[in-house]
Amino acid sequence: MMSSAGEDNNKDLILAVDDTPANLHLLTGILLASGYGVRMAEDGTSALAQARSMPFDLILLDIQLPDIDGFEVCRQLKADPQTRDTPVIFISAFSDTENVLRGFDLGGVDYITKPFQLKEVLARVANHLTIVRQRKQIVALREQDRQRYEMLDQMKNRFIQMATHDLRNPLNIILGYAVMLETAECTENDLEFVHEAAGEIQKSTEKMRGLVADMLDLARMEARANLQLTSVDLIQFLARCLKGFYPIANQKQLELILCPPAEDVIVLIDEGRFERVIDNLVSNAIKYTPAGGLIEVNAFPNQDHVEIKVKDTGLGIPEEDLPRLFEAFFRVNTPEHQKIEGTGLGLSIVKAIAEQHGGKVLVESESGMGSTFTVILPLIPLA
Ligand code: ADP
């Protein structure tokens, strides 16, 4: 076995096979000078042994060899899964069509006849190496796609599982009450039960309606291309978003305040969609903050982004739950949190919308001390 020294891993590696030392050294010299890594073999057995011992990017194969001929070497290379994909270029003194066609039949990608022009050999080598590189890229991209689809499929299955679970519970409650109502006799005694049943059916229906609305919201998040971006004064926008929340906060004895920054901030947002971010964060702050608490909405502009903060003095979130908080259907599992109705979809909607706008959402929280949700929104530089 013969080999050339000084190979580096980034170079394309070529196996040159020829039984005439003068030819072999001429070919090898020009390939090395062109920046390729080269290994040499002077017979078929040594060529096969080398091809199986390391991955080559290309094989230049003479047909007339002292032991097994180049056609047989090619046949064996193509029969072995390990070497099957390495392109083989035949180099031969046989220029008749029959031999050329036999070379292609056996899986050769090209056929060069001797005496050859060195420049032509180099051009053909470069061409086939480009094809090899492109094929590897396609294989890598396909594998990436496969992994992505697998992940999306798992997410979809989990989503369906959770959604059906959360829809089935209220459905069973509705069905249970409907069955009982059917047999109720509408006497004075049953009247109280009828009211109770109607109330429970209403509660379950509300729960299902909330879940369906959130699921639809999440499904609409899909395409970023659908964003209807307009320039919006952030503080006016936040004031509009908060308007509907003051009576609810008041009713729960919570103080809700908007703290505007000193300067105007203009953001490029899809107003309708971004409103869902503020809605979800503020309604969570109201839901998870007991009476007497304070909710502050702030905006802090920076050079290239603005931080919108929704801060509350509520239940807070246990540290171990923070990494999963933005997952669809995730809900904190403390008795205080579980007492409060929710779908576990609001924060995944917030995250999806923030990301569609090129931003992100962060949370800082401590159990029992309150939470701060920060939406980071990039500011588009004015031209
Ligand atoms: P949900 O519909 O359950 O409120 P979200 O996705 O909006 O769903 O929130 C996920 C979970 O994160 C909630 O169930 C709640 O436990 C917790 N959470 C969200 N916001 C707050 C907050 N401001 N304070 C305390 N816990 C919160």
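The values are calculated or read from the model by the stated rules, or taken from the named source; none is laboratory data. Just so it is clear, the model here is predicted, and its values are computed rather than measured. Counting neighbours? That spans all protein chains shown, and the Cβs are built from the backbone with ideal geometry, glycine included. Just so you know, the surface numbers come from the protein's heavy atoms only, side chains and all, with ligands and any DNA or RNA stripped out. Shrake-Rupley method; radii C 1.70, N 1.55, O 1.52, S 1.80 Å.
Taking the stated definitions as given, is L229 open to solvent by less than 100 Å² (accessible area, probe 1.4 Å), within 20 Å of D270 (Cβ to Cβ), in contact with a helix residue (DSSP H, G or I) (Cβ under 7 Å, 6 or more places away or on another chain) and of a type outside the set (D, E)? No, not satisfied. Looking for something hydrophobic (A, V, I, L, M, F, W, C), within 30 Å of L24 (Cβ to Cβ) and open to solvent by less than 90 Å² (accessible area, probe 1.4 Å) - is there at least one such residue anywhere in the stretch 132-153? Yes, some residue in the stretch 132-153 is hydrophobic (A, V, I, L, M, F, W, C), within 30 Å of L24 (Cβ to Cβ) and open to solvent by less than 90 Å² (accessible area, probe 1.4 Å).
For the stretch 303-360, a residue qualifies if it is on the phi > 0 side of the Ramachandran plot and open to solvent by 40 Å² or more (accessible area, probe 1.4 Å), and exactly one does: G358. Only one of the listed residues (G316, G346, G342) is out of contact with any Cys (no Cβ under 6 Å at 6 or more places or on another chain) and farther than 26 Å from Q161 by Cβ. That residue is G316.
Please work out which residue is nearest to the ligand (Cβ to nearest atom), limiting yourself to the stretch 337-383 and to residues that are part of a loop (DSSP other than H, G, I, E, B) and among the charged types (D, E, K, R). Result: E341.
Determine whether L294 is within 13 Å of the ligand (Cβ to nearest atom), under 28 Å from F159 (Cβ atoms) and among the hydrophobic types (A, V, I, L, M, F, W, C). In short, no. Given the conditions (1) surrounded by 14 or more Cβ atoms within 10 Å (Cβ to Cβ); (2) more than 19 Å from A47 (Cβ to Cβ), and given that D105 satisfies all but one, which numbered condition is not satisfied? Status for D105: all satisfied but (1). Between S92, S53, the distinction of being surrounded by fewer than 18 Cβ atoms within 10 Å (Cβ to Cβ) and not aliphatic (A, V, I, L, M) belongs to S53 only. Within the stretch 22-47, restricting attention to residues that are of a type in the set (V, I, T) and under 13 Å from V121 (Cβ atoms), the residue that is most open to solvent (accessible area, probe 1.4 Å) is I30.
Quick one: would you say T187 is open to solvent by 100 Å² or more (accessible area, probe 1.4 Å) and hydroxyl-bearing (S, T, Y)? No, not satisfied.
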